[in-house]
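K.L.:
Before I ask anything, let me first share the structure, which is written out below as structure tokens.
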Amino acid sequence: MLKKFLAKFGKGAATVDLQFENRPYQIGEVVQGEVVIKGGEVDQQINQLAVQFMMTVRAKNGQSVSREVERIPLNGSFVISKKEEKRIPFNYRIPQALPLSRGPVSYYFDTHLDIEGGVDRTDIDYITIGASKEIQSIFHALSRLGFREKSTSGKLDSYGQEFEFFPTQLFADKVHELEIRFAYVEEGVKVWMEVECRSGYGKIEAKREFVLTKEIVENEDKLVSSLEKYIAEAVQQPELYKQPFTYPTYQPHHKGSMASGIGSMVGGLAMGVLGGMVLNELMDNLGVDEMLEDAAEAIGLDEENFDLAGMDFGDFFDEN
């Protein structure tokens, strides 16, 4: 009787542990593992076993907001006997349109064991989400051209996730910054590239929008050559590339649906997962950051070494 009483408060109760290979995972990859449930000192009725895949967005001042990306139910009602061990298979495919793990963006699994009449048990496991093979190939090609990813790369906005690079070799005297974002299309990878060109009058922005076919993405030399061509054309005649980008737009859907007009874009699911909640909870720190960035640029400070008071989330919180 005493053991049953104590188990209701968690002492001697069943435990839960999600186990999977601890390594970085690519978007679109399947996480395979198992949930291990160990019975405690008494038999207990379990109402439900489920795993929540969570996204956390964090500001530099320590403030953060976590939201559920998806809930994965694994088992309904069952009894876990005293000292019994149950192993339940776990498989989850990481959505392709999620933002990659960068600076303010991180992920974890929250495994929840709902115990009837007792304290529920949980298990937290962090996971790193990296670029797909195709996007990683593009990053590598940019590296071969002398571009390095900035420490502030990976900002979120209403279209998804933006990656920022600075030149160190070939284009160092012609390009100030390269901003790029991606979407998966039938032909391969669609690219939106903004080249901030250096000129005698300051900086000129050139916008390139193109598709890298599967054949090009899979051939490293062709990929490097194609990216070099698009960047060089922008640098040579930036005035020809002033047209606004034709981004798809986010369309809210019913709760539980992950579909959207920007679902194919890397980071496109961020609006569906976070939405206005993040706007309300993190907005207080963003205005100061933008002023600091503007001030740094105005007096010629290197933004890579400029310490901001809070994390920059780009245009993610702009009201339309």
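K.L.:
With the requirement that a residue be crowded, with 16+ Cβ neighbours inside 10 Å and part of a loop (DSSP other than H, G, I, E, B), what does segment 94-130 give you?
P.N.:
Hits for segment 94-130 are Ile94, Pro95, Gln96, Ala97, Leu98, Pro99, Leu100, Ser101, Gly103, Pro104, Gly118.
K.L.:
Pick from Glu196, Glu228, Glu186, Glu164: which is among the acidic types (Asp, Glu) and more than 24 Å from Ser151 (Cα to Cα)?
P.N.:
Working: Glu196 fails: more than 24 Å from Ser151 (Cα to Cα); Glu228 fails: more than 24 Å from Ser151 (Cα to Cα); Glu164 fails: more than 24 Å from Ser151 (Cα to Cα).
Glu186 is the lone residue from the list that is among the acidic types (Asp, Glu) and more than 24 Å from Ser151 (Cα to Cα).
K.L.:
Being polar (S, T, N, Q), surrounded by fewer than 19 Cβ atoms within 10 Å (Cβ to Cβ) and over 30 Å from Met265 (Cβ atoms): is that true of Gln45 here?
P.N.:
Values: polar (S, T, N, Q): yes; surrounded by fewer than 19 Cβ atoms within 10 Å (Cβ to Cβ): yes; over 30 Å from Met265 (Cβ atoms): yes.
Against the criterion (polar (S, T, N, Q), surrounded by fewer than 19 Cβ atoms within 10 Å (Cβ to Cβ) and over 30 Å from Met265 (Cβ atoms)), Gln45 qualifies.
Laboratory data are not the source of any read-out in this text; all were calculated from the coordinates shown. In this text, all values refer to a predicted model and were calculated from it rather than measured experimentally. Glycine also receives a Cβ, built like all others from the backbone with ideal geometry; neighbour counts cover every protein chain displayed.
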